[in-house]
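Notes follow the structure.
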Amino acid sequence: MCGIVGVIGREQAAPLLLEGLRRLEYRGYDSAGIATLVNGHIDRRRAQGKLANLADSLANMPMHGTTGIGHTRWATHGAPTEGNAHPHGTARVSVVHNGIIENHAELRAELEGQGQVFETETDTETVAQLVDHLLAQGATPREAARAAFARLEGAYALALLFAGHHELIIGAQHGAPLAVGYGEGEMFLGSDALALAPMTSRIAYLRDGDWTVLTREDASVFDTAGNPVTREVKRTALSGAAIGKGPFRHFMEKELHEHPAVIGDSLHRMVDPGTRAVVLPDLGFDLAAVPRLTMTACGSAYYAGLVGRNWIEGLARIPVDADVASEFRYREPPMAPGGAGLLISQSGETADTLAALRTMRAGGQTILSVLNVAESTMARESDAVLDTVAGPEIGVASTKAFTAQLSVLACLAIALARARGTIDARQEAELTDALLKVPGHAAEILAHGDADVQRIAAIVAEARDVLYLGRGSCYPIAMEGALKLKEISYIHAEGYAAGEMKHGPIALIDRSVPIIGIAPSGPLFEKTASNLQEAHARGGQIILLSDAAGVAKLRHIAVDTLTLPDVHPFAAPLLYSIPVQLLAYHVAVLRGTDVDQPRNLAKSVTVE
């Protein structure tokens, strides 16, 4: 995950920016850069690789100026080169950016048609070129920034520096976090308060849609409509753990709100925004030649794998075996010659999954792992790794790591299908377009659906038993929702394939049992609706998660509903995982349990 730091100071900005970037190294990055204002002009230093390379560059060619912005980049699209490193910009403006600009390709084509000349492969440069074009038309920095923000689609945090304006930085937040730091005659901007901790303990957290104008003395904050708003300035303890929560009560809440940026970062590592083609790193083996996949994982990662199995079999027509890792090697399954093992883990240290990996290795399988920790044991023992871009996940119950895994598995399914010729370029573009809309939809849910989820949580918090129902690729999301509820609220919950309800679980239903139906519009909606009708007829309290069309059809049987954005059926599991996790969180808060460290659980299970 990328990191942002901005400074309007009294001292030289470059050392402060470099220190702030060091505190963001935990997010992971592959290049870094700094821009400062010197005699009215923008000066930049960028470097591929670790911050030490940028520090060496600054030592050889020192940067002056008391106003500047800095960035650590984890490449999404555009190789991790010095040329693609942030800050990006022109002679008039420099920009650093976290997240994605979903309409990057359209804006780029428009701006190139108006004479703007692009130098990089990144979506970020589109922001710089758009602002530059507006400045060239006579707009002030504030006018240009506001007009540009109104054109952007996606999840992003931005910081902009303007030539000739020595005491001005403009920032914006939409789906990716940004914090404002208050000093004495100096102001700061950062991805999180951890980056700003050496400089100030007085922090204000922006909300989605906010944009801010920083001067040396203060910060003005505006909402999407341009109305001035007030954001509380809090004094934070200089503790990495405490600061890391930002404005949130729990790490889990913070990590839930990182879904848009994490999904976007994961997708844009693998999707070319121009061609809408999936571009995987070199895996060292031929995807088209794999006759069979054997998938294994634990907990939420296993449910992500079940969604992946649905996608891979449906699109690429490759058979996929699926086992929880703790059972896999004891079942002694036969493995196809030339086959591949697909392992999924957040930590890369899970003992059961590592044991399964070694069993697959002994069975002659090529090992492909989906991991969040590049230096883990599982990474070292795999033939190939697809990295998720979730960043550190402190809450024990997996949230953003789960959607990052789904994002990677979706891209893998598309890549396998293209390699095997079971989909064409047009179908690939349709599927990637659907995926690239998810970060914006996720931000919408978190910004506008949270109150509705809290209302539903009040119903669920009173229950002893809860059933989750889904079909197809949303069946594993039902299991994920039930797992989250069990983990952090200690309410008994089960996730079922909706069609299986009448083969036993229907006996559990009475008026005290909430039934959470995960029912996006699509090929399986009517079947799921029929199963929910059956549950309603037995007195179950139907809580419906669907889009507007689905809610309109089933509102009459539901005690409550949550209306989600319309989404392509392929991308539905990604989007619908967010409200089921958010529901578990709010139920746990209502019940007063330890949300971040639920009883008996550990973040990484390193014993079998």
Looking at (1) on the phi < 0 side of the Ramachandran plot; (2) in contact with a strand residue (DSSP E or B) (Cβ under 7 Å, 6 or more places away or on another chain), which is the only condition D282 fails?
(2)
Residues in the range 564-577 that are of a type outside the set (D, E, K, R) and surrounded by fewer than 19 Cβ atoms within 10 Å (Cβ to Cβ) total 3
Quick check on the range 198-222: of everything there that is open to solvent by 40 Å² or more (accessible area, probe 1.4 Å) and acidic (D, E), which residue is nearest to C2 (Cα to Cα)?
D208
Looking for whichever is at pLDDT below 95, part of a helix (DSSP H, G or I) and either surrounded by fewer than 20 Cβ atoms within 10 Å (Cβ to Cβ) or of a type in the set (A, V, I, L, M) (or both) here; the options are A417, A443. Which one fits?
A443
Go through A195, A144 for me and flag whichever is open to solvent by less than 20 Å² (accessible area, probe 1.4 Å) and farther than 25 Å from L111 by Cβ.
A195
Selection from the range 147-178 of residues open to solvent by 10 Å² or more (accessible area, probe 1.4 Å) and assigned to a strand (DSSP E or B) yields Y156, Q173, H174
Kindly state which helices (runs of 4 or more DSSP H) lie completely within the range 30-137 and contain at least 1 residues that are within 25 Å of L196 (Cα to Cα).
51-60, 124-136
The lone exception for A316 - which of (1) over 26 Å from A288 (Cβ atoms); (2) open to solvent by less than 10 Å² (accessible area, probe 1.4 Å); (3) at pLDDT 95 or above; (4) not basic (K, R) it fails:
(1)
Out of (1) of a type in the set (D, E, K, R); (2) in a strand (DSSP E or B); (3) out of contact with any strand residue (DSSP E or B) (no Cβ under 9 Å at 6 or more places or on another chain), the odd one out for D560 is which?
(3)
Only one of V559, V580, V587 is modelled with pLDDT of 95 or more, closer than 17 Å to Y468 by Cβ and open to solvent by 70 Å² or more (accessible area, probe 1.4 Å); which?
V559
All positions within the range 13-29 that are open to solvent by less than 50 Å² (accessible area, probe 1.4 Å) and in a helix (DSSP H, G or I)
A13, A14, L16, L17, L18, G20, L21, R27
Take the conditions under 26 Å from the mean Cα position of the chain (by Cα), of a type in the set (A, V, I, L, M) and at pLDDT below 95 and apply them to A128. Does it pass?
no
From the set of residues in the range 293-313 that are of a type outside the set (S, T, N, Q) and over 19 Å from L435 (Cα atoms), which is surrounded by the most Cβ atoms within 10 Å (Cβ to Cβ)?
A297
Counting only residues that are part of a strand (DSSP E or B) and touching a Leu at 6+ places or on another chain (Cβ under 7 Å), how many does the range 360-404 have?
8
So if I check each of G550, G539, G522, which one is on the phi > 0 side of the Ramachandran plot, open to solvent by less than 20 Å² (accessible area, probe 1.4 Å) and either in a helix (DSSP H, G or I) or modelled with pLDDT under 95 (or both)?
G539
Test E494 against the criterion of being part of a loop (DSSP other than H, G, I, E, B), open to solvent by 50 Å² or more (accessible area, probe 1.4 Å) and farther than 25 Å from L287 by Cα, and give yes or no.
no
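The values are calculated or read from the model by the stated rules, or taken from the named source; none is laboratory data. The shown structure was predicted, so the numbers you read here are calculated from the model rather than taken from an experiment. Counting neighbours? That spans all protein chains shown, and the Cβs are built from the backbone with ideal geometry, glycine included. Protein only, heavy atoms only, side chains kept; ligands, DNA and RNA dropped before computing areas. Shrake-Rupley method; radii C 1.70, N 1.55, O 1.52, S 1.80 Å.
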